[in-house]
1. Anything in region 14-54 that is part of a helix (DSSP H, G or I) and surrounded by 15 or more Cβ atoms within 10 Å (Cβ to Cβ)? List them, or say none.
2. Just need a number here: residues in region 117-140 that are assigned to a loop (DSSP other than H, G, I, E, B), in contact (Cβ under 8 Å) with a residue 12 or more places away in the chain and closer than 18 Å to Ala55 by Cα.
3. Quickly run through region 55-71 and pick out the residues that are in contact with an Asp or Glu (Cβ under 9 Å, 6 or more places away or on another chain) and either at pLDDT 95 or above or in a strand (DSSP E or B) (or both).
4. (1) more than 20 Å from Trp23 (Cα to Cα); (2) touching a Ser or Thr at 6+ places or on another chain (Cβ under 7 Å): which one isn't true of Gly56, the others all being true?
5. Going by what's in this entry, would His80 be described as farther than 24 Å from Val131 by Cβ, crowded, with 16+ Cβ neighbours inside 10 Å and of a type outside the set (A, V, I, L, M)?
6. Scanning for something among the small types (Gly, Ala, Ser), over 16 Å from the mean Cα position of the chain (by Cα) and under 23 Å from Ala122 (Cα atoms), does region 38-52 turn up at least one residue?
7. Look through region 1-13, keep the residues that are farther than 24 Å from Thr60 by Cα and among the aliphatic types (A, V, I, L, M), and return whichever of them is surrounded by the fewest Cβ atoms within 10 Å (Cβ to Cβ).
8. Given the condition touching a Leu at 6+ places or on another chain (Cβ under 6 Å) and not charged (D, E, K, R), answer yes or no: does some residue in region 98-117 qualify?
Amino acid sequence: MEVRELETEAERERAVPILRQLWSGKDPEEILAWTGEEDYHLFGGEVEGDLVAVAGVQVTGVLHHARHAWLYDLVVDEPHRGEGLGAEMVDHVADWARERDCESVALASPLEKEGAHEFYGAIDFERWGYVLEKGLSPPD
C-alpha cells in the first residue's frame with residue numbers, strides 16, 4: 001500500500017466515503033470541512049490506485065503531556081478490513097510523528113468499540129486511563 005498525505009480538497013473529498021464508515025451520523029460537507037482544518041493531517045492509503053484506508057492526525061502537546069500525535073480517525077474501507085492495512089496506516093502515522101519529535105501516538109475510543117480496542121492492543125497501544133467528557137449547552 002502506498003500512503004501519502006491528502007492535501008487538496010479534491011483528494012480529501014475522495015476520503016469522505018471511507019470516513020463516513022466511522023462517522024456515519026455526520027454530513028459529508030462537515031467531514032470535508034474538518035479534514036481541511038489547519039493542523040489536521042489526513043493520510044490516504046492506496047492499493048492499485050484505489051483509496052482503501054485513511055488516517056487523520058494532529059500533533060499536539062498540552063500542558064504536562066509530552067508532544068504526541070493524536071489519531072482522530074483511522075478507517076479501512078470495509079471490503080479491505082483484516083488485510084493488515086490499519087496497522088500499516090498506524091505505522092505510517094508513527095513514522096510521520098517521530099519525524100516531528102513526537103513521543104507517542106494517542107487516541108480515544110468509545111467503550112463499545114471492543115474490536116478497535118483489541119486491534120490497538122495487538123499493535124502495542126497501551127490502555128492507561130479514560131477520556132472523560134461533559135457536553136455543554138450554548139451560553140444564554
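1. Arg14, Ala15, Val16, Ile18, Leu19, Ile31, Leu32, Trp34, Thr35
2. 2
3. Correct list: Ala55, Gly56, Val57, Gln58, Val59, Thr60, His68.
4. So the condition that Gly56 fails would be (1).
5. yes
6. No, every residue in region 38-52 fails to be among the small types (Gly, Ala, Ser), over 16 Å from the mean Cα position of the chain (by Cα) and under 23 Å from Ala122 (Cα atoms).
7. That would be Ala10.
8. yes
The values are calculated or read from the model by the stated rules, or taken from the named source; none is laboratory data. Owing to the predicted nature of the structure, the values given are computational and were not obtained by experimental measurement. Virtual Cβ from ideal backbone geometry, glycine too; neighbours counted across all protein chains shown.
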